[in-house]
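Derivation of every value follows stated rules applied to the coordinates shown; laboratory data play no part. The structure displayed is predicted, hence computed values, not measured ones. Virtual Cβ from ideal backbone geometry, glycine too; neighbours counted across all protein chains shown.
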Amino acid sequence: MKRFAKMSIEAREARQPWILLAPALTAIFLLLIVPLLFIVVYSFWLRSAVGADTPGFFLDNWKAALTDRFYRDILLNTLKISAITTIACALLGYPAAYFIARSQGNKMILLIMLMLPFWISYIIRTMSWINILGVSGALNSVLMSLGIVSEPIQMLYNETTVILGLTHFLLPFMVLNIFVSLDGIDTSLEDAATSLGATRWQAFLQVTLPLSLPGLAAGGLLCFVLGAGTYITPVVLGGPRDAMFANLVFEAIIRQLNWPLGSALSLLLLMVLGVLVAIYNRYLGMAQLAKGLG
């Protein structure tokens, strides 16, 4: 009898984690898995000449997405812009994260200041660059008032402003991830290195930087994925030649109402980014990324 009672208790304890996870797993299944399955099914449908979607198993959309040079060039351009943005965020974010991590007594204030941009809508933050870089914007007004230029400079609607807008949007994510790594490093390790004859710069390069690489990699992955999946910044700050892959998905689904093609394009982007995430998880794991998001 005691044996059966013990088995019952063990079975109940084994079920308890799944019972607690049931609401979250249900939400993930209904809000993520089910819509994703619909997109997979839609990607094999075909849009007819009269505008109706033809159910079935057609490979036309996938053939166009994988073989059409137009889509391939924009995908490569998207990856290029995301990579440049990630590098810019790393170069700008590491010094800021290092300063916050090594500051004495005011880390919370600095972190709150870092998080302040998240309190403003992403669209508003992106459109603010129009008031700064526009023909009648603040920067042109200052340059003309100082006599540096005689007429306004066209600084908007190009690839550079798209990268600038993405860097502005993604920089806090990079800083937070690097800060988490740096904050967990014992500062006495640098002191030990200097006591053994290393300069402060050598101690940083040989001790602090290698130990903070997981945070840098996590921030890089997050910035790259978010940058590759955005479409607001290219629409607001980019020109006709600066469209990113997410803009193609938006164009196909919203404007052309071509859900099958848009589904195939979105899944293609998802698979490319999924491969990058899988590579990151293989070599660094997702624990550091979770710390940065937390």
Extension gain from T160 to I123, taking 0.36 nm per residue of separation minus the Cα-Cα distance: 11.5 nm
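Among T161, T233, which comes first, then next, by fewest other beta-carbon atoms within 10 Å?
T161, T233
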FRET efficiency, L32 to A278 (Cβ-Cβ, R0 25 Å, nearest 0.05): 0.90
Which label in (1) 83, 66, 33; (2) 54, 42, 34; (3) 47, 46, 38 gives the computed Cα extents along the principal axes in Å: (1)
GNM top mover of P214, P240, P17 - the chain, alpha-carbon springs below 10 Å: P17
Fluctuation leader among I19, I109, I74 - the chain, Gaussian network, Cα springs under 10 angstrom: I19
In sequence order, calculated HN-Hα J values of the range 109-114 (Karplus, 6.51, -1.76, 1.60; Hz; x Gly/Pro): 5, 5, 5, 5, 4, 5
Rough spin-label spacing in nm, given labels placed 7 Å along Cα→Cβ, for M271 and I19: 4.2
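Provide the gained length on full extension for the span F99 to I39, in nm with one decimal, where the gain is 0.36 nm per separating residue minus the Cα-Cα distance.
Once the chain is fully extended between F99 and I39, it gains 17.2 nm.
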